[in-house]
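Visitor: Starting off with a structure, shown below.
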Amino acid sequence: VALLPWLAWAFSIDEWREDWSEDAKRASIRDAVMIHRRKGTVWAIKRVLANAGYGDARLIEGNSGIRYDGSFRHDGVHTYGDPKGWARYAFNMSRPITRAQGEAFRKMLLATAPARCHLLDLYFTDARFYDGQYRYNGEFNHGAA
């Protein structure tokens, strides 16, 4: 276990966190070669995030050609009728993440996603913000990371 960071360095793993579980670290090392071969693809992005423990995040690709027909909320994530919107994407998290986790998430995406694509938003919906389970102490953002 003590040598895992050295293996990660040898396999050029872009984002490595000491707070990951041993299984997550080993999975990142195991998949490093396949991820580097397929960098810039949806598969590589999903694999990197799954290895880091964010496998339940939902990728929302592109937002061009959206109409005012009520199928999308006007929440700033989607731009109506923008022909350049195909290169934009967002992630809907199934659980709240801290600001530090959001920053690590962004670094993983920056290293794995195509350079021509732009991350619009990391957001989550969780009712526990309204029942007092989380405190507004700066650790969490309210619905966005």
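Read-outs: derived from the displayed coordinates by stated rules, not from any lab. Every value quoted in this text rests on a predicted model; they were computed, and no experiment measured them. A quick note on method: Cβ atoms are made from the backbone with ideal geometry, for glycine too, and the neighbour counts reach across all protein chains shown.
Visitor: Please give the contour-minus-distance gain from Trp43 to Ala100: 0.36 nm per residue of separation, less the Cα-Cα distance, rounded to one decimal in nm.
Guide: 18.1 nm
Visitor: Mind listing the long-range amide H neighbours of Trp16? Cut-off is under 5 Å, sequence gap 5 or more, other chains count too, H placed in the peptide plane at 1.01 Å from N.
Guide: none
Visitor: With a ≥ b ≥ c taken as the square roots of the eigenvalues of the C-alpha gyration tensor of segment 9-64, please select rounded if a/c is under 1.5 and otherwise prolate if a/b is larger than b/c or oblate if it is not?
Guide: Note, shape of segment 9-64 comes out oblate.
Visitor: Could you go through segment 90-101 in sequence order and give the Karplus-derived ³J(HN,Hα) for each residue, using 6.51 cos²θ - 1.76 cosθ + 1.60 with θ = phi - 60°, rounded to whole Hz, and x for Gly and Pro?
Guide: Computed from phi, the couplings for segment 90-101 are 9, 10, 9, 7, 8, 8, x, 10, 6, 4, 5, 5 Hz.
Visitor: Note down the nm distance, to one decimal, between modelled labels 7 Å out along Cα→Cβ at Val33 and at Ile60.
Guide: With each label placed 7 Å out from Cα toward Cβ, I get 3.8 nm.
Visitor: Residue by residue, what Karplus-based ³J(HN,Hα) values in Hz, rounded to whole numbers, does segment 8-19 have, using 6.51, -1.76 and 1.60 with θ = phi - 60° and x for Gly and Pro?
Guide: So the J values, rounded to whole Hz, are 4, 5, 5, 8, 6, 6, 5, 10, 9, 10, 5, 7.
Visitor: If amide H atoms are built 1.01 Å from N in the plane of the peptide, which residues on other chains or at least 5 residues away come under 5 Å of the amide H of Leu120?
Guide: Residues meeting the criterion, in which the H sits 1.01 Å from N, are Tyr89, Ala90.
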